[in-house]
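S.K.: I'd like to ask some things about the structure below.
The values are calculated or read from the model by the stated rules, or taken from the named source; none is laboratory data. Worth saying up front: this structure is predicted, and the values here are computed from it rather than measured. Here the Cβ is made from the backbone with ideal geometry for all residues, glycine too, and neighbour counts use every protein chain on show.
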């Protein structure tokens, strides 16, 4: 399948004589999708001069709504391999590749001890960066390097009266959703048990705001969805809810708790009286696709196709479903802020599973398309799409094994593509990388992603779009 | 050194109460360079809303001159590690990071047999892509998958009466410079000897246009500079120059041959009567920086600083020198097209030498700055900066060895940065990767780099800027 389908081709031929040689400059300008890649102009993506189109995409005004979509670990390499597999090398993602304004941003974090740059961020520090505008150390959840809480986009939006949503394919306590709704010194402090051990400053016993889960409940976004129900079995040992499980606390606080697609489909509203808590898995949500694990000799193996993950529950909503419902329930006169995370691109990259990773990029793209379609129809919504950090996977030459692990897939083009994982030994978790990553945007203030920015700039860009207190000077 | 230096910091503080918590949203908007990275806004790069600035950067008009600068193998990872080392994680390249319009492009080539996408291009196929607008196979020099010559930007510009230049830090016969000035089936056909063996269709004996070197001389750009003098010792065995070495042919054809900085400095003109042939090394130009080779345990080694390459001849001009002189000699009423390649970013990445690679990115950036400064002063020049493909090097966590090779450097920040090479075993050449890469532009038609394009789009973008026959429809 090509997107968008097109078969038009225009051809012009000029005959040139240069330096004694004569040859034809055949110009078959066919554009993307379905064209003959072997001819002059056959692989181009632009149709005519884009200058006016890019200029029209720039809107210095303000947005009623902002949708921020994070592909965790979705560096340019992860985008490219997924595009190659799903749409072909000359294909386009309907969502990711349809955003009109693009740039690169730096993702580094800070070392907790030295305060110097740490060139390879984790999701906690990078997420804290865009959520709060403040650089911090790996593992920190929206606290600065000194442990001081920093206001998040979701909190700022909520304080201004906007509706808010925070959805993910990971546990809702995982770093990327956590950074919008909680403040702790260590990302592992999911519930009271871990918090007592690792984040005593945050525990309710010590007068703190509680674990990540307790803070998520307290922050009370209109919609919070993902996995992570297992932590809700933990029990508070102090405070107002002493003796109650986190699940019971959610009930006591008026949450509509849903656990599957049917529950999602039945939702009629999401507001401060009846906020939505979607918990679709015990831990992270099972991924969409499955395929062979990378091996030391995968580059020379027969290429294979990915399959649907046989362990994917039919009752589990995908990220596009969650995004569609969230937008439906959040849209209102005052506006909304919604963060959407495709979390397991990262997790499958860690696991050196190419099909798992690619399937999650494709699923994430479908959520991006939902957001972008809404924004275009609405006319008053900004969409930002980026990653929190680069990751291990690289597209390498098929037929040459590497020192690490490789998998060879048969793509949409019918050609072999080898993906390599080489930052950790077999059996260990592959690592994040420190490369700058792509950021793209649509709508008011999206031009602020063009050129080189930092992940902390995104905080101020979104704050400016929504007229939050952290808006850029003069915006 | 920070660029640009700034110390201004503005601070605003808002006190917020969200979900029962009270905290300050301190907003110390300090901007890049020299600011305190630990404070809110301290790591941002944008100063205020950039919408108007980005809009002003869009120019749908035409350019008199185009300067295309290629960082060979300069993927986003290579850019980031070099920035971290030379300017710090929150620093900026004076050239590369100063281009106002940015995007990503795909670089894939085609398989010669199947004509299907080859997801990892080489420099020959990728360079042929932007030089001609036609996708081709790895190893091809501006011929299509069927071996048919395709008109190049340099040839089209020259045919239109523009002056032309083609400069590199590699041998002038290497793929990237070769694609603008020659057409052969195999990139290794530097001289008559290799051509007789590998590209018989091109050999003068067979009525072809000759080897890459002979075609470069015949294409007769006003300026051709780089290394590769050793091939000029080969002798023609047929045709008009039978019995003459290529060096003697250059003399017979009226070339001003220069071999060092002194020769470069003395040049007074470069035109069709007296074109310039700069041959500054026997092979590729020695690189600027040296440092330790990557090793299996480099991630846990003591971080080190790079040094100047002790084998760098003092008489060798750097790429910025070559760019400065080229612009001076090419500027004229009718305009010019100049291609500038930083070739050894790729070659040092192949060699798993982090300091060598970073030093070449830094040297390339200085050439970009020369081009951009000229374009800004001139007001009628477009500058495009990109890479031909991604490469192996990745920034990984310091302290964790990988299955491949690593080096740990002490950066401008005074912090350790580990670079990993993991696509080939120790002692073998590290590989290109298939990731989409950054493209950036300044001046007329530069908005065509925004969003997702392909390396073949760049051909039509530059043709449009210069009103060459391959201009985009309606441009």
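S.K.: In segment B:445-462, what residues are within 21 Å of residue A:439 (Cβ to Cβ) and at the interface with chain A (Cβ under 7 Å from one of its Cβ atoms)?
M.R.: Residues satisfying the conditions are B:447, B:448, B:450, B:451, B:452, B:453, B:454, B:457.
S.K.: Something else: Any residue that is closer than 22 Å to residue A:283 by Cα and more than 21 Å from the chain's Cα centre (by Cα) - is there at least one of those in segment A:147-164?
M.R.: No - not one qualifying residue is present in segment A:147-164.
S.K.: Return yes when residue A:365 is assigned by TED's automatic domain parsing to the domain that holds residue A:177, under 30 Å from residue B:402 (Cα atoms) and touching a helix residue (DSSP H, G or I) at 6+ places or on another chain (Cβ under 9 Å) and no when it is not.
M.R.: No, not satisfied.
S.K.: Name, by its number, the condition in (1) outside any helix (DSSP H, G or I); (2) touching a strand residue (DSSP E or B) at 6+ places or on another chain (Cβ under 9 Å); (3) surrounded by fewer than 24 Cβ atoms within 10 Å (Cβ to Cβ) that does not hold for residue A:188.
M.R.: (2) is the only condition that residue A:188 fails.
S.K.: For the subset of segment B:30-54 comprising residues that are at pLDDT 95 or above, surrounded by fewer than 22 Cβ atoms within 10 Å (Cβ to Cβ) and under 27 Å from the mean Cα position of the chain (by Cα), which member is farthest from residue B:91 (Cα to Cα)?
M.R.: Per the criteria, the residue is B:53.
S.K.: Suppose we filter B:91, B:26, B:71 for residues that are farther than 28 Å from residue B:336 by Cβ, more than 7 Å from every other protein chain (Cβ to nearest Cβ) and modelled with pLDDT of 50 or more; which single one remains?
M.R.: Going through B:91, B:26, B:71 in turn, the sole match is B:91.
S.K.: On to the next question. Which residues, taken from segment B:131-161, are at the interface with chain A (Cβ under 8 Å from one of its Cβ atoms) and either without any contact (Cβ under 8 Å) to a residue 24 or more places away in the chain or over 23 Å from residue B:112 (Cα atoms) (or both)?
M.R.: B:144, B:146, B:148, B:155, B:156, B:158, B:159
S.K.: Let me ask something else. Just wondering, is there one or more residues in segment A:44-53 that are free of Cβ contacts under 8 Å to residues at least 24 places away in the same chain, in a helix (DSSP H, G or I) and touching a helix residue (DSSP H, G or I) at 6+ places or on another chain (Cβ under 6 Å)?
M.R.: Among the residues of segment A:44-53, at least one is free of Cβ contacts under 8 Å to residues at least 24 places away in the same chain, in a helix (DSSP H, G or I) and touching a helix residue (DSSP H, G or I) at 6+ places or on another chain (Cβ under 6 Å), which makes the answer yes.
S.K.: Looking at B:179, B:120, which one is part of a loop (DSSP other than H, G, I, E, B) and either in contact with a helix residue (DSSP H, G or I) (Cβ under 7 Å, 6 or more places away or on another chain) or surrounded by 24 or more Cβ atoms within 10 Å (Cβ to Cβ) (or both)?
M.R.: Answer to the check: B:120.
S.K.: For segment B:215-232, indicate whether the set of residues that are closer than 17 Å to residue B:171 by Cβ and assigned to a loop (DSSP other than H, G, I, E, B) is non-empty.
M.R.: yes
S.K.: Could you check residue A:111 against (1) out of contact with any helix residue (DSSP H, G or I) (no Cβ under 7 Å at 6 or more places or on another chain); (2) closer than 25 Å to residue B:81 by Cβ; (3) surrounded by 24 or more Cβ atoms within 10 Å (Cβ to Cβ); (4) at the interface with another protein chain (Cβ under 8 Å from one of its Cβ atoms) and say which number it fails?
M.R.: Of everything listed in (1) out of contact with any helix residue (DSSP H, G or I) (no Cβ under 7 Å at 6 or more places or on another chain); (2) closer than 25 Å to residue B:81 by Cβ; (3) surrounded by 24 or more Cβ atoms within 10 Å (Cβ to Cβ); (4) at the interface with another protein chain (Cβ under 8 Å from one of its Cβ atoms), residue A:111 misses just condition (3).
S.K.: So residue B:125 ticks every box in (1) more than 11 Å from chain A (Cβ to nearest Cβ); (2) on the phi > 0 side of the Ramachandran plot but one. Which box is left unticked?
M.R.: Exception for residue B:125: condition (2).
S.K.: Quick check on segment B:344-356: of everything there that is touching a helix residue (DSSP H, G or I) at 6+ places or on another chain (Cβ under 6 Å) and more than 14 Å from chain A (Cβ to nearest Cβ), which residue is surrounded by the most Cβ atoms within 10 Å (Cβ to Cβ)?
M.R.: It comes out as B:345.
S.K.: Taking residue A:360, is it in a strand (DSSP E or B), in the same structural domain as residue A:457 (by TED's automatic domain parsing), in contact with a strand residue (DSSP E or B) (Cβ under 7 Å, 6 or more places away or on another chain) and in contact (Cβ under 8 Å) with a residue 40 or more places away in the chain?
M.R.: no
S.K.: Follow-up. Being within 14 Å of chain B (Cβ to nearest Cβ) and either surrounded by 24 or more Cβ atoms within 10 Å (Cβ to Cβ) or on the phi < 0 side of the Ramachandran plot (or both) is the filter here, so list the residues in segment A:191-210 that pass it.
M.R.: Scanning segment A:191-210 gives A:201, A:202, A:204, A:208, A:209, A:210.
S.K.: Now a separate question. Could you run through segment A:71-94 and say how many residues are within 20 Å of residue A:390 (Cα to Cα) and in a loop (DSSP other than H, G, I, E, B)?
M.R.: Final tally of qualifying residues: 5.
S.K.: For segment A:138-148, how many residues are buried (at least 24 other Cβ atoms within 10 Å of the Cβ) and either under 30 Å from residue A:269 (Cβ atoms) or in contact with a strand residue (DSSP E or B) (Cβ under 7 Å, 6 or more places away or on another chain) (or both)?
M.R.: The number of residues fulfilling the criteria is 3.
S.K.: Here's another thing I want to ask about it. Residue by residue through segment B:86-98, note down the ones that are under 21 Å from residue B:408 (Cα atoms) and in contact with a strand residue (DSSP E or B) (Cβ under 6 Å, 6 or more places away or on another chain).
M.R.: Once the filter is applied, which keeps residues that are under 21 Å from residue B:408 (Cα atoms) and in contact with a strand residue (DSSP E or B) (Cβ under 6 Å, 6 or more places away or on another chain), segment B:86-98 yields only B:89.
S.K.: Could you tell me which residue of segment B:404-418 is farthest from the other protein chains (Cβ to nearest Cβ), considering only residues that are outside any loop (DSSP other than H, G, I, E, B) and under 16 Å from residue B:79 (Cβ atoms)?
M.R.: Checking each candidate, the answer is B:409.
S.K.: Among the residues of segment B:282-303, count how many are in contact with a strand residue (DSSP E or B) (Cβ under 8 Å, 6 or more places away or on another chain), surrounded by fewer than 20 Cβ atoms within 10 Å (Cβ to Cβ) and under 26 Å from residue B:233 (Cα atoms).
M.R.: Residues in segment B:282-303 being in contact with a strand residue (DSSP E or B) (Cβ under 8 Å, 6 or more places away or on another chain), surrounded by fewer than 20 Cβ atoms within 10 Å (Cβ to Cβ) and under 26 Å from residue B:233 (Cα atoms): 3 in total.
S.K.: A further question on this structure: Would you check which residues across segment B:419-441 are over 30 Å from residue A:426 (Cβ atoms) and either assigned to a helix (DSSP H, G or I) or touching a helix residue (DSSP H, G or I) at 6+ places or on another chain (Cβ under 6 Å) (or both) and list them?
M.R.: Hits for segment B:419-441 are B:438, B:439, B:441.
S.K.: Looking at segment A:385-403 only, could you name the residues that are farther than 30 Å from residue A:133 by Cβ and either in contact (Cβ under 8 Å) with a residue 40 or more places away in the chain or not in a loop (DSSP other than H, G, I, E, B) (or both)?
M.R.: A:394, A:395, A:396, A:397, A:398, A:399, A:400, A:401, A:402
S.K.: Of these, A:224, A:231, A:325, A:245, which one is surrounded by 15 or more Cβ atoms within 10 Å (Cβ to Cβ), in contact (Cβ under 8 Å) with a residue 60 or more places away in the chain and closer than 29 Å to residue A:207 by Cβ?
M.R.: A:231
S.K.: Kindly indicate the residue of segment B:380-400 that is surrounded by fewer than 24 Cβ atoms within 10 Å (Cβ to Cβ) and more than 9 Å from chain A (Cβ to nearest Cβ) and also modelled with the lowest pLDDT among those meeting that condition.
M.R.: If we take residues in segment B:380-400 being surrounded by fewer than 24 Cβ atoms within 10 Å (Cβ to Cβ) and more than 9 Å from chain A (Cβ to nearest Cβ), then B:399 is modelled with the lowest pLDDT.
S.K.: With (1) surrounded by fewer than 18 Cβ atoms within 10 Å (Cβ to Cβ); (2) more than 14 Å from chain B (Cβ to nearest Cβ); (3) closer than 29 Å to residue B:395 by Cβ as the list, and residue A:306 as the residue in question, which single condition is left unmet?
M.R.: Every condition holds for residue A:306 apart from (1).
S.K.: Return the residue satisfying two criteria in turn: it lies in segment A:374-384 and is closer than 22 Å to residue B:103 by Cβ and part of a helix (DSSP H, G or I), and of such residues it is nearest to the chain's Cα centre (by Cα).
M.R.: A:375
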